[in-house]
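A quick write-up on the structure given underneath.
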Amino acid sequence: MKGPQLRSPALRQVLYFPDAQSLEVEFSSGDIYTYCDVPEDLYRQLLSAESKGRFFNRMIRPRFGYQQRSTVQN
């Protein structure tokens, strides 16, 4: 995954695909999820949010469907 690195304890990086309106999120655990039908302006708000984890948990996680893409195995 090659998206912007985030300074967040919860989120490592995100990648947005405008044509599909999908948001790929890599969590600090290494797990990667793809969220569907996310508007581009919400992605931009996430990038500029003071607390990216709080914004994600309030504005994206509960509102959009997702698929787990990969999980880190310990």
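Return the residues of segment 11-25 that are outside any strand (DSSP E or B) and buried (at least 16 other Cβ atoms within 10 Å of the Cβ); say none if nothing qualifies. Walk me through it before giving the result.
Initially, segment 11-25 is screened for residues outside any strand (DSSP E or B), giving 18-21.
Once the filter is applied, which keeps residues that are outside any strand (DSSP E or B) and buried (at least 16 other Cβ atoms within 10 Å of the Cβ), segment 11-25 yields only GLN21.
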Legend entry - All positions within segment 63-74 that are exposed (fewer than 11 other Cβ atoms within 10 Å of the Cβ) and closer than 23 Å to ARG7 by Cβ: VAL72
Inset, instruction - Among what's in segment 26-55 and is touching a residue at least 40 places away in the same chain (Cβ under 8 Å) and assigned to a loop (DSSP other than H, G, I, E, B), pick the residue that is nearest to GLN67 (Cα to Cα). - result: ASP31
Inset, instruction - Determine whether SER51 is more than 12 Å from the chain's Cα centre (by Cα) and surrounded by 12 or more Cβ atoms within 10 Å (Cβ to Cβ). - result: yes
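Read-outs: derived from the displayed coordinates by stated rules, not from any lab. The shown structure was predicted, so the numbers you read here are calculated from the model rather than taken from an experiment. Because the Cβ atoms are built from the backbone with ideal geometry, glycine has one as well, and the counts that use them run over all protein chains shown.
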